[in-house]
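Visitor: Sharing a structure, written as structure tokens. Questions coming.
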Amino acid sequence: MGDRTDVTDPEVIIVGSGMSAISLAVHLGAAGVPYLILERNSDLGGTWHENTYPGARVDVGSRSYSYSFEPAYRWRHHFAPAAEVKEYLSHCADKYEVRDHILFDRLVTGMEWDDRSRQWHVTARHGDRTEVHSARILVSAVGLFSRPKPPDVDGIDTFTGPVLHTAAWDAGVDLAGRSVGLVGTGSSGVQIANPLSEVAGRLTIFQRSGTWVSEVPNYVTPVGDDEQWLLDHVPYYLNWLRLAQIYEIGDARKSILEIDPAWREPGTVSKRNADLRDQLLRYMRRQLGGDAELVRKCTPDYPPMAKRLPKDNGWFAALLKEHVSLVDDPVVQIAPDGVECASGSFHELDVLVFATGFAAADFLSELDVRGPSGSLREAWAEDGPRAYLGMTVPDFPNFFCLYGPNMNGTSGAPTAWREMQSRVVLAGADRSFCAGHDLGSIGEKEHTVPPGFEAETIG
């Protein structure tokens, strides 16, 4: 995709062009603040551009993925597949002219603060060229789900067949009739299992522990004509539906997450949490037809909601198929023709699929971010990634993280979080832009924060 941007003197540079970046870009554009987006891929969408594995889709209602400034989009599914989410993001980027501000195929390799010019200098690789772009405000919008997490097992390089990862899917690999090993049963593992079972000659699923999987009506079904009529003709129905979906994934289940200090029942943290466990277990038993061994393997040893709660898109149905096996024996070694498990058992395979998620804890570890006193890696070396409000880091002036450390809230919705963070960045950008380039440091300690954790903004 060719470059169309004519932005030459941006006030803000945004790294990444996913959901967070598009939200911020729309807010900046509406305020008249010039911005530039640097994107490593050939198209926008971030996670929803890169995750194309079979079965990839949202696990919350599509309406909760709608921005408040673009709520009336005609979603085709109650829970949108990945491609449909990307279509929505592309629609927003085109409608609000965000795409005109994006430079694609720019791999950012370094970000450095210059005290003298009070600017960030961002180095990016574009083919065999190196570019440097400068702005007073720098925003990381790479998110938590931009780097596949490699499996912690030896011998991967020795495997002679195709090796796939759900976060870097290769649709060109033919799986039809082949013996496929799926390692990992988290959200992506649960989503891809049934699609794999429909094409593989044999599917062996390897898990370290069971996964709670919930029943959600209409999880894979399109929006019907009756509901679309309501959305088109009943005043405020769309607003109500969006609010209801946001409430359902936030405040409505907040008490399920809260720990009751007086609660003593193993495997749960409160009465509400125990009720959810019973509900999930009943559903599991029904779907598995009372197969006691499968129920044992599938039952987790942790409380519901302690990890992400996948939705059932045919997971349990796949486990009942004759050519599908669930192995609760951890993989310890990859061999040229299969995998060895902890018990010593060996499973011959043609293809390996890793559904091991993302390196979310290694936030920004691939980027060399340097403030006045050193690198971000050094700042986070001892205690790991942390930021005030998940967005600003001490001694890294005018640097903001969108969907930064510890930003997965227990309430709200994906787009709502992004828009709230966008407004925080906009407030700083608007003040800096309106003040002009001659103003010195402003608001070095603008917020009440823990000692040594001041947010710094420089105009």
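Visitor: Taking the conditions exactly as written (touching a Leu at 6+ places or on another chain (Cβ under 6 Å), more than 24 Å from residue 430 (Cα to Cα) and surrounded by 21 or more Cβ atoms within 10 Å (Cβ to Cβ)), does residue 125 satisfy them or not? Even if it seems obvious, please write down each step before you answer.
Guide: Numbers: touching a Leu at 6+ places or on another chain (Cβ under 6 Å): yes; more than 24 Å from residue 430 (Cα to Cα): yes; surrounded by 21 or more Cβ atoms within 10 Å (Cβ to Cβ): no.
In short, no.
Visitor: Filter the stretch 261-272 down to the residues that are in contact (Cβ under 8 Å) with a residue 12 or more places away in the chain and part of a loop (DSSP other than H, G, I, E, B), then identify the one that is surrounded by the fewest Cβ atoms within 10 Å (Cβ to Cβ).
Guide: For the stretch 261-272, the residue satisfying everything is 267.
Visitor: Can you name every residue in the stretch 179-217 that is surrounded by fewer than 18 Cβ atoms within 10 Å (Cβ to Cβ), closer than 17 Å to residue 324 by Cα and of a type in the set (A, V, I, L, M)?
Guide: 199
Visitor: If you don't mind, another one. Among (1) of a type outside the set (A, V, I, L, M, F, W, C); (2) touching a residue at least 40 places away in the same chain (Cβ under 8 Å); (3) over 22 Å from residue 61 (Cα atoms), where does residue 242 come up short?
Guide: Of the numbered conditions (1) of a type outside the set (A, V, I, L, M, F, W, C); (2) touching a residue at least 40 places away in the same chain (Cβ under 8 Å); (3) over 22 Å from residue 61 (Cα atoms), the odd one out for residue 242 is (3).
To keep it simple, each residue is scored yes or no on (1) charged (D, E, K, R); (2) within 29 Å of the chain's Cα centre (by Cα).
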position: 290; (1), (2): no, no
position: 297; (1), (2): yes, yes
position: 310; (1), (2): no, yes
position: 317; (1), (2): no, yes
position: 327; (1), (2): no, yes
position: 344; (1), (2): no, no
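Visitor: Find all pairs meeting these conditions: Cβ atoms under 6 angstrom apart; at least six residues apart or on different chains; first residue within the stretch 91-115 and closer than 14 Å to residue 24 by Cα and modelled with pLDDT of 95 or more; second residue of a type in the set (Lys, Arg) and buried (at least 17 other Cβ atoms within 10 Å of the Cβ).
Guide: 93/99
Visitor: Let me ask another. Do we have residue 116 as of a type in the set (Lys, Arg) and more than 22 Å from the chain's Cα centre (by Cα) here? It would help to see each step written out before you state the result.
Guide: On the way: of a type in the set (Lys, Arg): yes; more than 22 Å from the chain's Cα centre (by Cα): yes.
So residue 116 passes the test.
Visitor: Within the stretch 218-230, take every residue that is in contact (Cβ under 8 Å) with a residue 40 or more places away in the chain and not polar (S, T, N, Q) and give me the one that is surrounded by the fewest Cβ atoms within 10 Å (Cβ to Cβ). Lay out the reasoning, then the answer.
Guide: If we filter the stretch 218-230 for residues that are in contact (Cβ under 8 Å) with a residue 40 or more places away in the chain, which is where we start, we get 218-223, 228.
If we keep only those that are not polar (S, T, N, Q) too, we end up with 219-220, 222-223.
Numbers: 219: 17, 220: 16, 222: 12, 223: 16.
Restricting to residues being in contact (Cβ under 8 Å) with a residue 40 or more places away in the chain and not polar (S, T, N, Q), the top hit is 222.
Visitor: Additional query: Residues in the stretch 29-62 that are buried (at least 24 other Cβ atoms within 10 Å of the Cβ), out of contact with any His (no Cβ under 9 Å at 6 or more places or on another chain) and not in a loop (DSSP other than H, G, I, E, B): how many?
Guide: 1
Visitor: Looking at (1) out of contact with any Pro (no Cβ under 9 Å at 6 or more places or on another chain); (2) closer than 14 Å to residue 143 by Cα; (3) crowded, with 20+ Cβ neighbours inside 10 Å, find the lone condition where residue 366 falls short.
Guide: The one condition residue 366 does not meet is (3).
Visitor: Continuing with this model, one more query. Just wondering, is there one or more residues in the stretch 255-276 that are polar (S, T, N, Q) and touching a Gly at 6+ places or on another chain (Cβ under 6 Å)?
Guide: First pass over the stretch 255-276, keeping only residues polar (S, T, N, Q): 255, 268, 270, 273.
Imposing the further condition that a residue be touching a Gly at 6+ places or on another chain (Cβ under 6 Å) reduces the set to none.
No, the conditions are met nowhere in the stretch 255-276.
Visitor: What pairs come out if I take residues in the stretch 118-145 that are outside any loop (DSSP other than H, G, I, E, B) and pair them with residues that are crowded, with 22+ Cβ neighbours inside 10 Å and hydroxyl-bearing (Ser, Thr, Tyr) whose C-beta lies under 6 Å away, six or more apart or interchain?
Guide: none
Visitor: For residues that are assigned to a loop (DSSP other than H, G, I, E, B) and modelled with pLDDT of 90 or more, scanning just the stretch 395-431, find the one that is farthest from residue 68 (Cα to Cα). Before you say what the answer is, go through the steps one by one.
Guide: Looking only at the stretch 395-431, we keep the residues that are assigned to a loop (DSSP other than H, G, I, E, B), and these are 395-398, 402-413.
So of that shortlist, the ones also modelled with pLDDT of 90 or more come out as 395-398, 402.
Details: 395: 33, 396: 30, 397: 29, 398: 26, 402: 17 Å.
Out of the qualifying residues, it is 395.
Visitor: OK, next. Quick check on my filter: what residues within the stretch 369-388 are assigned to a loop (DSSP other than H, G, I, E, B), crowded, with 18+ Cβ neighbours inside 10 Å and in contact with a strand residue (DSSP E or B) (Cβ under 9 Å, 6 or more places away or on another chain)? Walk me through it before giving the result.
Guide: Restricting attention to the stretch 369-388, the residues satisfying the condition of being assigned to a loop (DSSP other than H, G, I, E, B) are 372-373, 380-387.
Subsequent filtering for residues that are crowded, with 18+ Cβ neighbours inside 10 Å retains 380, 385, 387.
385, 387, listed by residue number.
Visitor: If you don't mind, another one. So, in the stretch 303-339, how many residues would count as being among the hydroxyl-bearing types (Ser, Thr, Tyr) and in a loop (DSSP other than H, G, I, E, B)?
Guide: 0
Visitor: Quick one: which residue in 42, 64 is more than 26 Å from residue 198 (Cβ to Cβ), polar (S, T, N, Q) and at pLDDT 95 or above?
Guide: Working: 64 fails: at pLDDT 95 or above.
After ruling out the rest, the residue left standing is 42.
Visitor: Looking only at the stretch 64-84, count every residue that is farther than 19 Å from residue 309 by Cβ and assigned to a helix (DSSP H, G or I) and tell me the total.
Guide: Qualifying residue count, the stretch 64-84: 2.
Visitor: Would you point out which residue out of 288, 294, 281, 276 is more than 26 Å from residue 67 (Cα to Cα), in contact with a Cys (Cβ under 8 Å, 6 or more places away or on another chain) and modelled with pLDDT of 95 or more? Steps first, answer last, please.
Guide: Numbers: 294 fails: in contact with a Cys (Cβ under 8 Å, 6 or more places away or on another chain); 281 fails: in contact with a Cys (Cβ under 8 Å, 6 or more places away or on another chain); 276 fails: in contact with a Cys (Cβ under 8 Å, 6 or more places away or on another chain).
It is 288.
Visitor: How many residues are at pLDDT 95 or above and of a type in the set (A, V, I, L, M) if we restrict to the stretch 1-18?
Guide: Looking only at that region, the number is 4.
Visitor: In the stretch 39-55, which residues are more than 12 Å from the chain's Cα centre (by Cα) and either under 23 Å from residue 174 (Cα atoms) or of a type in the set (Ser, Thr, Tyr) (or both)? Full working, then the answer.
Guide: Going through the stretch 39-55, the residues more than 12 Å from the chain's Cα centre (by Cα) turn out to be 39-44, 52-55.
Once the filter is applied, which keeps residues that are more than 12 Å from the chain's Cα centre (by Cα) and either under 23 Å from residue 174 (Cα atoms) or of a type in the set (Ser, Thr, Tyr) (or both), the stretch 39-55 yields 42, 52, 53, 54, 55.
Visitor: Limited to the stretch 273-302, what total is found for residues that are free of Cβ contacts under 8 Å to residues at least 40 places away in the same chain and either among the aliphatic types (A, V, I, L, M) or part of a loop (DSSP other than H, G, I, E, B) (or both)?
Guide: Of the residues in that region, 10 qualify.
The values are calculated or read from the model by the stated rules, or taken from the named source; none is laboratory data. Being a predicted model, the structure only gives us computed values, none of them experimental. Here the Cβ is made from the backbone with ideal geometry for all residues, glycine too, and neighbour counts use every protein chain on show.
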